[in-house]
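First the structure, in the form of C-alpha cells, and then the observations on it.
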Amino acid sequence: MKGMDIPALEVFVAAVEEKSLSKAAERANLVTSAASKRVAELERHLQRTLLQRHGRGVEPTPAGALLYQRAKAILRAVQLAESAVQVYSAEGQAKIRLAANPSTILQFLPDRMARFLSQRDYVSVDLIEAHSYDIPRLLIDGSIDLGIYHANHPATGVTSLPFATDRVGLVVPIGHPLAGRAELFLEEALDYDLLGYFPRHSLDQFLAYIGQTVTRPPTVKLQVSNFETRCRMIREGLGIGVVPERIAANYLSSMGLVLLRLRDEWAARRFFLAVRDPVGLSPVVAELLAFLSQPA
C-alpha cells in the first residue's frame, strides 16, 4: 500500500465512531475481515497502532485519536470536492438543477431561459417540473439548486425572493350560461361541474387554499393536469375550469372559449424564487439567481 486511501480512512473513522469493526464493516458494506484488513494496512503504512482491540470492540490509541480528527477533515474535504464537481455535466458543462411548477414553466421561463442560455455556452440547465408545495423540500434536501414556487407567503427553511405574479380565471365554452359574465366569484359558478387540477393540485388542498370563499365544495367529475387538455375538455362541455389567465389566452379563440375574471382574492398568485442558502452557491447558480431576480 503506497499511501492512505479514502476507503481505508472511511472504515477507520467508522470503527472509531461505532467502537466496533463489525459495525464499521456494516456502514461500509464490507465483511468484517475486509474492514479489519483495511485498518491493518493503514496501521502498517503509518507504522503505528491506531486501534486497541478488546472484547467490547475497539477504541483509538492516542495516535488513532489524532488521525481520527484529521481523517474527518480529509473526508469532509473530499465530500465538498465531489459536490463541487457535481455542478458540471459529464461533458464538462456547468449544470444547474432548476425546479418550477407548470404555470411558471409555461408563463415565465421560455423567454428568460432563452436569453440566459444564449449568452452562456458553458451552462446546461436541468429544468424539473414539480408542485409548488414540494419545491422548498427539494431545496432543503439538496435535490435542486434553484426553485420557483407560488404561495401566499415565503416558505420556511429556504431563502425566497419575489419573482412574479399572475391571476387564475374561470374558462367556460362559448354559449355557456356564464359566458356573458365579465367577472364573478367562484361561488357563483358552483352549480356547474368543475374540471379539476386546481392551483393547489388536489380538491382538498384547493379548498384549504381558498378558505371560506365558497359555501360548498365544487362538483368535480374529472381531473385534468395539462392546461391544453383541460381547455379541450372544457370545449367539449365536460365542465368549466380554473386556468392561469396568460395560459388560457393561448386557447380562447382557437377552441371557442371565454375567460371570466375571478374576483376572489386567491385568484391573484405570488411566485417566489428560492435557494436553500445564498451563501456558497456555485458561480453559475449565483449567476442564474441574479438573472432571474431581475424584472422581466
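The values are calculated or read from the model by the stated rules, or taken from the named source; none is laboratory data. Predicted model only: the values in this text are computed from it and were never measured. Cβ coordinates were reconstructed from backbone atoms using ideal geometry, including for glycine residues, and neighbour counts include every protein chain displayed.
Return the residues of the stretch 254-282 that are aromatic (Phe, Trp, Tyr) and either at pLDDT 95 or above or touching a Cys at 6+ places or on another chain (Cβ under 8 Å) (or both); say none if nothing qualifies.
Selection gives 271, 272.
Say we look at the stretch 23-53 and pick out the residues that are free of Cβ contacts under 8 Å to residues at least 40 places away in the same chain and acidic (Asp, Glu); which of these is nearest to residue 10 (Cα to Cα)?
26
Hey, does the stretch 158-170 have a residue that's assigned by TED's automatic domain parsing to the domain that holds residue 280, farther than 30 Å from residue 275 by Cα and either within 17 Å of the chain's Cα centre (by Cα) or not basic (Lys, Arg) (or both)? Even if it seems obvious, please write down each step before you answer.
Residues of the stretch 158-170 that are assigned by TED's automatic domain parsing to the domain that holds residue 280, as a first pass: 158-170.
Filter once more, so that each one left must be farther than 30 Å from residue 275 by Cα: 170.
Next, from what is left, pick out any that are either within 17 Å of the chain's Cα centre (by Cα) or not basic (Lys, Arg) (or both): 170.
Checked against the condition, which is being assigned by TED's automatic domain parsing to the domain that holds residue 280, farther than 30 Å from residue 275 by Cα and either within 17 Å of the chain's Cα centre (by Cα) or not basic (Lys, Arg) (or both), the stretch 158-170 yields at least one hit.
Considering only strands (runs of 3 or more DSSP E) fully contained in the stretch 192-296, which possess at least 1 residues that are surrounded by fewer than 19 Cβ atoms within 10 Å (Cβ to Cβ) and touching a strand residue (DSSP E or B) at 6+ places or on another chain (Cβ under 9 Å)?
Per the criteria, 257-262, 268-275.
Can you find a residue that is touching a helix residue (DSSP H, G or I) at 6+ places or on another chain (Cβ under 6 Å), modelled with pLDDT under 90 and farther than 16 Å from residue 8 by Cα anywhere in the stretch 89-97? Spell out the reasoning first.
Keep residues of the stretch 89-97 that are touching a helix residue (DSSP H, G or I) at 6+ places or on another chain (Cβ under 6 Å), which gives 94, 96.
Okay, now just the ones that are also modelled with pLDDT under 90, so 94.
Now restrict to residues that are farther than 16 Å from residue 8 by Cα: 94.
Yes: the stretch 89-97 contains one or more residues that are touching a helix residue (DSSP H, G or I) at 6+ places or on another chain (Cβ under 6 Å), modelled with pLDDT under 90 and farther than 16 Å from residue 8 by Cα.
Tell me which residues, restricted to the stretch 161-176, are surrounded by 11 or more Cβ atoms within 10 Å (Cβ to Cβ) and over 23 Å from residue 265 (Cα atoms). Walk me through it before giving the result.
In the first step, residues of the stretch 161-176 are kept if they are surrounded by 11 or more Cβ atoms within 10 Å (Cβ to Cβ); the result is 161-164, 166-174, 176.
Across the stretch 161-176, the qualifying residues are 173, 174, 176.
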